[in-house]
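The values are calculated or read from the model by the stated rules, or taken from the named source; none is laboratory data. Owing to the predicted nature of the structure, the values given are computational and were not obtained by experimental measurement. Cβ sites come from the backbone with ideal geometry, for glycine too, and all protein chains shown count toward neighbours.
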Amino acid sequence: MKNFLFVLIIMALVVSSCGNDENPSPINDESFTDMEALTLTDYRDDNIYKIEKIGDQVWMAENLKYLPSVVGPFSQSDSVAHYYVYDYDGTDVAAAKSTENYNNYGVMYNWNAINPGGTGSEATPSGVRGICPSGWHLPSYAEWEQLFNHLGGTNEAGGKLKQKGTTHWKSPNWEATNQSGFSGLPGGILWSQSFIYLKNRGNFWSVTEEGPYKDVLVYRQDNDRSEVLKRSFGKEMAMCVRCVMD
């Protein structure tokens, strides 16, 4: 009996040391999602995000903070990837990460930062990983609409998606209940070399292009509205990102 147990222990150690190609250790992967704890760990920078299951989807419940480089607001481009932190004007990543706006609202990205050299998608799921951690992807606008419809449609979804209170939103933060757990935040946008709308407006990229100029559809929420709005913006604009699980 002792010999049999000894053999089992040796076999377990061998299997553990060899690993499993079909289910690699999360330490060797780029990210790890713990559905029991409702968290996502992004091993690219060790940021840990809250996540939330809403209907048939699982969303990040915080704005993405991945920041491989940073520039100031006077650097805008529709062809070069740029990363920004609201009100930060410089190129020091560590300094940008030490700001209150980075910690509260995350990073702002232009189109080529979220989807380097990529084309858009109208599919559900979008199939576009882009800037998201492995196992997650950028939402198409159809995926945003699936979220809104689950929450009662565009007239009702805004309040259910917004973080409650006025810690990060300016008053009145109309009808914000955060019933969904999405905890939408007003990270503002970069427009014409100016950071604007922090605490007033949250704008989030989709990867769905529209019209002859291939502008990109964006989901918008405001501090003085309960509904969500559909808008299209040029690819030089910068705004926040929420990823959805594959």
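Name the pairs whose Cβ atoms lie under 7 Å apart, with the first residue in the stretch 134-161 and more than 27 Å from Asp46 (Cβ to Cβ), the second among the β-branched types (Val, Ile, Thr) and assigned to a helix (DSSP H, G or I), and 6 or more positions between them or separate chains?
Pairs found: Phe148/Thr154.
Hey, among Asn178, Asn103, Asn149, Asn112, which residue is at pLDDT 95 or above and touching a strand residue (DSSP E or B) at 6+ places or on another chain (Cβ under 7 Å)? It would help to see each step written out before you state the result.
Working: Asn103 fails: touching a strand residue (DSSP E or B) at 6+ places or on another chain (Cβ under 7 Å); Asn149 fails: touching a strand residue (DSSP E or B) at 6+ places or on another chain (Cβ under 7 Å); Asn112 fails: touching a strand residue (DSSP E or B) at 6+ places or on another chain (Cβ under 7 Å).
Just a single option satisfies the conditions, and that option is Asn178.
Can you give me the ranges of the helices (runs of 4 or more DSSP H) entirely in the stretch 94-207 with at least 3 residues that are of a type in the set (A, V, I, L, M) and under 24 Å from Thr39 (Cα atoms)?
Numbers: elements: 100-105, 111-114, 141-150, 154-161.
Because the criterion is at least 3 residues that are of a type in the set (A, V, I, L, M) and under 24 Å from Thr39 (Cα atoms), no helices (runs of 4 or more DSSP H) in the stretch 94-207 meet it.
Considering the stretch 175-225 alone, what residues qualify as being touching a helix residue (DSSP H, G or I) at 6+ places or on another chain (Cβ under 7 Å) and more than 19 Å from Arg242 (Cβ to Cβ)?
Glu175
Select from the stretch 70-80 the residues that are out of contact with any strand residue (DSSP E or B) (no Cβ under 8 Å at 6 or more places or on another chain) and either in a strand (DSSP E or B) or not polar (S, T, N, Q) (or both) and write down the one among them that is surrounded by the fewest Cβ atoms within 10 Å (Cβ to Cβ).
Going residue by residue through the stretch 70-80, those that are out of contact with any strand residue (DSSP E or B) (no Cβ under 8 Å at 6 or more places or on another chain) are 74-75, 77-80.
Pick out the ones that are also either in a strand (DSSP E or B) or not polar (S, T, N, Q) (or both) and you get 74, 78, 80.
Working: Phe74: 8, Asp78: 13, Val80: 13.
Only one residue fits best here, namely Phe74.
Please go through the stretch 197-246 and pick out each residue that is small (Gly, Ala, Ser), under 19 Å from Ala123 (Cβ atoms) and surrounded by fewer than 22 Cβ atoms within 10 Å (Cβ to Cβ). Even if it seems obvious, please write down each step before you answer.
Applying the first criterion (small (Gly, Ala, Ser)) to the stretch 197-246 yields 202, 206, 211, 226, 232, 234, 238.
Next cut, under 19 Å from Ala123 (Cβ atoms) only: 206, 211, 232.
Answer for the stretch 197-246, where residues must be small (Gly, Ala, Ser), under 19 Å from Ala123 (Cβ atoms) and surrounded by fewer than 22 Cβ atoms within 10 Å (Cβ to Cβ): Gly211, Ser232.
Criterion first (assigned to a loop (DSSP other than H, G, I, E, B) and within 18 Å of Ser183 (Cα to Cα)) does Asn63 satisfy it? Step through it out loud before you land on a result.
Details: assigned to a loop (DSSP other than H, G, I, E, B): yes; within 18 Å of Ser183 (Cα to Cα): yes.
Criteria met by Asn63.
Among the residues of the stretch 81-93, write down those that are of a type in the set (Ser, Thr, Tyr), touching a helix residue (DSSP H, G or I) at 6+ places or on another chain (Cβ under 9 Å) and part of a loop (DSSP other than H, G, I, E, B).
Just the residues of the stretch 81-93 that are of a type in the set (Ser, Thr, Tyr), to begin with: 83-84, 86, 88, 91.
From what is left, the residues that are touching a helix residue (DSSP H, G or I) at 6+ places or on another chain (Cβ under 9 Å) are 83-84, 86, 88.
Listed by number, the residues that qualify are Tyr86, Tyr88.
Evaluate the following for Asn173: is it touching a residue at least 12 places away in the same chain (Cβ under 8 Å), of a type in the set (S, T, N, Q) and surrounded by fewer than 20 Cβ atoms within 10 Å (Cβ to Cβ)? Before you say what the answer is, go through the steps one by one.
On the way: touching a residue at least 12 places away in the same chain (Cβ under 8 Å): yes; of a type in the set (S, T, N, Q): yes; surrounded by fewer than 20 Cβ atoms within 10 Å (Cβ to Cβ): no.
For Asn173, the condition - touching a residue at least 12 places away in the same chain (Cβ under 8 Å), of a type in the set (S, T, N, Q) and surrounded by fewer than 20 Cβ atoms within 10 Å (Cβ to Cβ) - is not met.
Looking only at the stretch 149-166, count every residue that is within 17 Å of Asp56 (Cα to Cα) and buried (at least 23 other Cβ atoms within 10 Å of the Cβ) and tell me the total. Walk me through it before giving the result.
Narrowing the stretch 149-166 to residues within 17 Å of Asp56 (Cα to Cα): 149-153, 157, 160-161.
From what's left, buried (at least 23 other Cβ atoms within 10 Å of the Cβ): 157, 160-161.
So the count comes out to 3.
Out of Tyr83, Tyr43, I need the residue that is crowded, with 18+ Cβ neighbours inside 10 Å, among the hydroxyl-bearing types (Ser, Thr, Tyr) and within 21 Å of Tyr102 (Cα to Cα). Which one? Walk me through it before giving the result.
On the way: Tyr43 fails: crowded, with 18+ Cβ neighbours inside 10 Å.
The unique qualifying residue is Tyr83.
When the stretch 88-128 is examined, which residues are found to be closer than 22 Å to Leu147 by Cα, in contact (Cβ under 8 Å) with a residue 12 or more places away in the chain and surrounded by fewer than 19 Cβ atoms within 10 Å (Cβ to Cβ)?
If the condition is that a residue be closer than 22 Å to Leu147 by Cα, in contact (Cβ under 8 Å) with a residue 12 or more places away in the chain and surrounded by fewer than 19 Cβ atoms within 10 Å (Cβ to Cβ), then Glu122, Ala123, Thr124, Pro125 are the ones that fit.
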